[in-house]
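Undergrad: Got a structure for you, questions after.
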Amino acid sequence: MAQPFLLAGTGLLGLVTGSFLTVVAHRLPDGESIVRPGSHCPTCRTPLRPVDNVPVLSYLLRRGRCRACAARIPVRYLLVEVVTCALFVAVPARVHGGFAVAAYLVLAAALVALSVVDLERMRLPTPIVLAAALLGLPLLAAASAEAHAWGSLGRAAIAAAACGAAFLAIALAVPKGLGLGDVRLAALLGAFLGWLGYRQMAVGFLLALLTGGVVGVALLLAKRGSRSTRLPFGPFLAGGSLAAVLWGTELSRWWLGLH
């Protein structure tokens, strides 16, 4: 069991990371710099003072409004910070090994940002997927060296190739169903889940398909969409994969009826 001080530290890191991810999700799809200008109100563009830039607390104290123009700040800013914090506590509580924890924290941060962008823009930006790969995959290699588990890297490579190829085939067969962003994300998730095990990989993708299907059927029944309505699949891939990282072993045993 991870030490409480470690979890508190990663939780604080998650709050800071979540605040940064709101900037990434807002600016990167439009090709804007994520460094300059500094944080500002999205409505009046007044620069935020340090006291107004404290994750979660600033939003609650200002009641979700800009201090300068009183415009309402989207609640997604608060949700991203809270969700990222929760994931940064959950990952070290469930994943073992220093390098492995770091790798899956990188993955969690990337999936939060990708989910926000996909929900708002129906896009999965390549720079975020590439950043997760460039930062996370070397950490997985280091984790393999740390645990002397080199077979995990081979499994990760096989899973990445298989998941990427499967999603590419679907994207080519049904062009309006999946985009190349989904293909790239599937390959990345295949590597991370495959490193943990093939069962975790199966759990992650099955959960994504099941939850995506349930939401799609619910929208049809509620007459909020049609069979031609496109759903952003990135959030379902993200949710299924994170569930597999945290509880993949237990879920696979439950599905297979093992004890």
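The values are calculated or read from the model by the stated rules, or taken from the named source; none is laboratory data. Small disclaimer: the values here were computed from a predicted structure and weren't measured. Every residue, glycine among them, receives a Cβ derived from its backbone with ideal geometry; neighbour counts consider all protein chains shown.
Undergrad: If Cys85 satisfies every condition in (1) surrounded by 16 or more Cβ atoms within 10 Å (Cβ to Cβ); (2) over 21 Å from Ala131 (Cβ atoms); (3) in contact with a Ser or Thr (Cβ under 9 Å, 6 or more places away or on another chain) but one, which is the exception?
TA: It is condition (2) that Cys85 fails.
Undergrad: Might you let me know whether the range 177-193 holds any residue that is among the aromatic types (Phe, Trp, Tyr) and free of Cβ contacts under 8 Å to residues at least 60 places away in the same chain? Please lay out each step first, then the result.
TA: So in the range 177-193, the residues among the aromatic types (Phe, Trp, Tyr) come out as 192.
From what's left, free of Cβ contacts under 8 Å to residues at least 60 places away in the same chain: none.
Within the range 177-193, none of the residues are among the aromatic types (Phe, Trp, Tyr) and free of Cβ contacts under 8 Å to residues at least 60 places away in the same chain.
Undergrad: Can you tell me how many residues in the range 206-259 are of a type outside the set (Lys, Arg), in a helix (DSSP H, G or I) and at pLDDT 85 or above?
TA: Of the residues in the range 206-259, the ones of a type outside the set (Lys, Arg) are 206-222, 225-226, 228-229, 231-252, 254-259.
Subset that is in a helix (DSSP H, G or I): 206-221, 234-252, 254-256.
Within this subset, residues satisfying the condition of being at pLDDT 85 or above are 206-215, 234-252, 254.
Total meeting the criteria: 30.
Undergrad: Same structure, new question: For the structure I just gave you, tell me whether Val203 is at negative phi, at pLDDT below 95 and assigned to a helix (DSSP H, G or I).
TA: Taking the combined requirement at face value, the residue does not satisfy it.
Undergrad: Further question on the same structure: Considering only residues that are in a loop (DSSP other than H, G, I, E, B) and free of Cβ contacts under 8 Å to residues at least 12 places away in the same chain, which ones fall in the range 146-176?
TA: Listed by number, the residues that qualify are His148, Ala149, Trp150, Val174, Pro175.
Undergrad: Mind checking which residues of the range 1-57 are in a helix (DSSP H, G or I), modelled with pLDDT under 90 and over 20 Å from the mean Cα position of the chain (by Cα)?
TA: Pro4, Phe5, Leu6, Pro50, Val51, Asp52, Leu57
Undergrad: Can you pull out the residues in the range 108-140 that are outside any helix (DSSP H, G or I) and either among the aliphatic types (A, V, I, L, M) or touching a Cys at 6+ places or on another chain (Cβ under 9 Å) (or both)?
TA: Within the range 108-140, Met122, Leu124 meet the criteria.
Undergrad: If Ala143 meets every condition in (1) closer than 21 Å to Gly234 by Cβ; (2) aliphatic (A, V, I, L, M); (3) in a helix (DSSP H, G or I) apart from one, which number is that one?
TA: Tallying (1) closer than 21 Å to Gly234 by Cβ; (2) aliphatic (A, V, I, L, M); (3) in a helix (DSSP H, G or I), Ala143 fails exactly one: (1).
Undergrad: Identify the residue in the range 147-174 that is exposed (fewer than 14 other Cβ atoms within 10 Å of the Cβ) and more than 24 Å from the chain's Cα centre (by Cα) and, among all such residues, is modelled with the lowest pLDDT.
TA: The selected residue is Val174.
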